[in-house]
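Please read the structure below before turning to the comments.
Each reported figure results from applying straightforward, stated rules to the coordinates on display, with no laboratory input. Fair warning: this is a prediction, and the values are worked out from it, not measured in the lab. Here the Cβ positions follow ideal geometry from the backbone for every residue, glycine too, while neighbour counts run over all protein chains shown.
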Amino acid sequence: MKFTEEQINRYSRQIILPGFGGKGQRKISAARVFVMGAGGLGSPAAVYLAAAGVGTIGLADFDRVELNNLQRQILHRTGDVGLPKVESGKRTLESLNPEVNVQIYSERVNSANIREIIKNYDLVLDGSDNFPTRFLVNDACFFERKTLISGAILRFDGQLSTYKPHAGKPCYRCLFPEPPPPGAVPSCQEAGVLGAVAGIIGLLQANEALKEILGIGESMAGRFLMFNALTLTFQEIKISKNPDCLLCGENPTLKELIEYPHSCQV
Ligand SMILES: [Zn+2]
């Protein structure tokens, strides 16, 4: 694949980076990244992936844009209120970088369709805001052997890790075997979230996705990052594969996707 002059110009500030070059840009252009959720995390992540020139971005969300989303969900504009999030998201990404192929999924991603969807991607970035989806995405990535870059936010706090059970690294269930009971952890709707926290964690997800595509730096697989905005501190713990993991352990009991009930969460 040869780059046009316009492409070289557009990506020049990253092409000149050590370890990047035309080879790196070719990897980025060929990459296919699936983004679960066009909300607080998926928005900043998808914007930066599109800006970097990721060839194909899959965007899944069944919600419509609401006014109270705009405080953090930067894919959407005031005039988009009422539109399906994937539609306004696609328009924003394509206006930023017309070279990016944006595939949209406006139906609810569930156990019946998720494996077929993520099969077509190299990498999955989870920006969902509820436990049933987070477990579904983790399990589907395990079965399809896809690297999962997972982020979560609440109030002034954020978390991030990369899960690669197919490469001997832990999965999400190695840390959290089962979802908490409904109501045990408040949702952002109940507890609030600072918009900038969504931006920080979403951008860290995009950063890790670009590193995984390029094969540079140190992966977040086997590492779990916690962020607090009020103290502005990052704390990292090492995590390892749990031999008793229900999904990726030595005697797994989970052999197929299960769907936990969606409670009152949005
Ligand atoms: Zn596991």
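Here are the numbers for the structure shown:
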| item | result |
| --- | --- |
| Order of Met226, Met220, Met36, Met1 under a 10 Å beta carbon neighbour criterion, fewest first | Met1, Met226, Met220, Met36 |
| For Phe3, net neighbour charge (Lys/Arg +1, Asp/Glu -1) across residues whose Cβ lies under 11 Å away | 0 |
| Potential lengthening between Phe3 and Glu259 on full extension [0.36 nm per residue; Cα-Cα distance subtracted] | 87.8 nm |
| Cut-off 11 Å (backbone N to label point 7 Å along Cα→Cβ of Ser12), residues of the range 21-39 | none |
| Two-site FRET efficiency, Asn101 against Phe176, from Cβ-Cβ distance with R₀ of 45 Å, rounded to 0.05 | 0.85 |
| Shape of the range 155-194, Cα gyration tensor, a/c cut at 1.5 | oblate |
| Pair Arg145, Val81: separation of 7 Å Cα→Cβ label points (nm) | 4.8 nm |
| Stretch gain in nm, segment Glu236-Ile216, where the contour uses 0.36 nm per residue and the Cα spacing is subtracted | 5.2 nm |
| Spin-label pair Met226/Ala167, simplified geometry with 7 Å Cα→Cβ offset, distance in nm | 2.5 nm |
| DSSP H segments from the chain that extend 18 Å or more along their own axis, Cα-based, with Kyte-Doolittle mean of -1.0 or above | 131-144, 195-214 |
| Segment Glu94-Ala51, extension gain: residue separation times 0.36 nm, minus the distance between their alpha carbons | 14.5 nm |
| Taking the range 132-188 and dividing mean pair separation by its residue count, relative contact order in percent (alpha carbons under 8 Å, at least six apart) | 31 percent |
| DSSP-defined antiparallel bridges as percent of all bridges, the chain, nearest 5 | 50 percent |
| Label-point separation in nm, Glu250 to Arg26, each point 7 Å along Cα→Cβ | 4.4 nm |
| Residues Cys245, Cys171, Cys141, sorted so that the one with the fewest Cβ neighbours within 10 Å comes first | Cys245, Cys171, Cys141 |
| Order of Val185, Val124 under a 10 Å beta carbon neighbour criterion, fewest first | Val185, Val124 |
